[in-house]
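All of the numbers you see were taken from the coordinates with simple rules; none came from a lab. Values in this document were obtained by computation on a predicted structure and should not be read as measured data. Note that we place each Cβ from the backbone using ideal geometry, even for glycine, and neighbour counts take in every protein chain shown.
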Amino acid sequence: MKTSRKTRFLSLVLALALSVSLRPAAGADRVDFPDVPGNHWACDSIRDCFERGIVRGYDDGRFHPDDPVTGYQFIAMITRMFCSDLVETYGQQIPADSKWYTAYGMAAASLGFDRDVTLTDTPMSRYDMAAVLNNIVNEKNIILKVVHRHNAIEGKEPLPMDWPRALQEAAMESIRDWDGIPGQYGRAVSMCYALGALTGMSDGTFSGGQTMTRAQACAVITRMKDLNEGKMLSRSEPPARPETPEQIGAGLLANGQEATVENVQAVLDEIRKSCPNNTVWGPTTAYMPSDEVHKALIHHGFRASTAGGCGGWASMVSDTVFGTSGAPGREVTDTNEIRPGDLVICLNNKGETLHACVVTKVEMTTNRITNKPVTLVHTCDGNVNGGYVQWDIARPIIGLGVGNNTGYTTCYRVVTRYPD
């Protein structure tokens, strides 16, 4: 019986090793990833997590630092860092056909790491990331450990137990989008700022609706490791993703590859793997769009919702492919020029934005009624049947533009972020 349990657990560990890294191949064990150069802002954190067995690379030899991380993947990474023995214990107790994340979830729940956080197998928001980190601060007595090391070990000027309070208040003043942070996340965000576990984006916002990336996950996990050892951290953080055209590079995607249809399709395929059909896309996975996508979604003063709806999904997909800046949107005026990764914005007969989705495939066909050529685009949508992801929805697009009698949602704008 013991041998059976051991074999079962080893199989589970292997499955989890792949799942935590968005299911990379088992042989992808390199640390000198070509898409994580030495000057990458999270290079040291990624290498540290790799060497500790927290994450792995992909079969193509890359790390894909800007790929999204799901709630279960993040909690698995956290528990690997802080309570791997407990994970092993639960792994020996669960049925062999359990979900890959079951043991990690049980370990996290037993320690209170997931308190007031709904974990899913969909991309995790930065808000929920902050909530998990704050739970760890409380459950692992992080503040007490920092005070003890500062006062007793390093012999510095005494630090009071409430030392983060002033920094929390400063964070509330300095975070540009503080007033938009939901109340249930306020304390978690401000505490993580005070401790130096995170500071947000380079534009001064926290952007909590954006999804976690693999690079961000590695960065916050290594910081939490240092805090758990009582180390006081610096409160500076480089941008979570490339924020300027110079960082991204002209004509490059967010992963540093050339902006070709083939490379865009490869990124879309990776997103499809992490968010397959019927994945829940609701308020907990809302996404704050980059300025480039925000501009694209607006038409006649209206834009598709980003509160877990179609606009949030389209924004997340577009930014994951093209980055948060450096790839401005421009109108496509010829249906023959539509490509995978383009944004499709559905309009009403007043030209107001009603819906948004992203092109996954394009094909030419003939309208069986009019016998005229028509462009058939297949799209991915994050708001089907009340908030579920659906891939390859076919949409016939005969013409582009806004008319007065186009019907309710039969008129489209297409915005591309390809360089040419």
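Multiplying the residue separation of Asp60 and Arg115 by 0.36 nm and subtracting their alpha-carbon distance yields 16.2 nm. Other residues within the sphere of radius under 9 Å centred on the Cβ of Met212, judged by their own Cβ, net out at +1 (K and R +1, D and E -1).
Taking 0.36 nm per residue of separation and subtracting the current Cα-Cα distance, fully stretching the chain between Lys350 and Glu337 would add 2.2 nm. Amide H contacts of Thr360 (H built 1.01 Å from N, in plane; Pro and chain starts excluded): Gly341, His378, Thr379, Cys380 sit under 5 Å, all sequence-distant by 5 or more or on other chains. Summary of packing: across the peptides 128-141, 84-97, the per-residue average of other C-beta atoms within 10 Å ranks them, highest first, as 128-141, 84-97. Based on C-alpha pairs under 8 angstrom that are at least 6 apart in sequence, the range 79-194 has a relative contact order of 21 percent. Each Lys or Arg adds one and each Asp or Glu subtracts one; over the other residues with Cβ under 15 Å from the Cβ of Thr333, this totals -2.
Once you list every other residue whose beta carbon is under 13 Å from the beta carbon of Ile142, what net charge do they have if Lys and Arg are +1 and Asp and Glu are -1? Walk me through the numbers before you get to the answer.
On the way: positive: Lys140, Lys145, Arg149, Arg223, Lys225, Lys231; negative: Glu139, Asp226, Glu229.
It works out to a net charge of +3.
Residues whose amide H falls under 5 Å from that of Thr70, counting only those 5 or more places apart or on a different chain, are Met124, with hydrogens built in the peptide plane.
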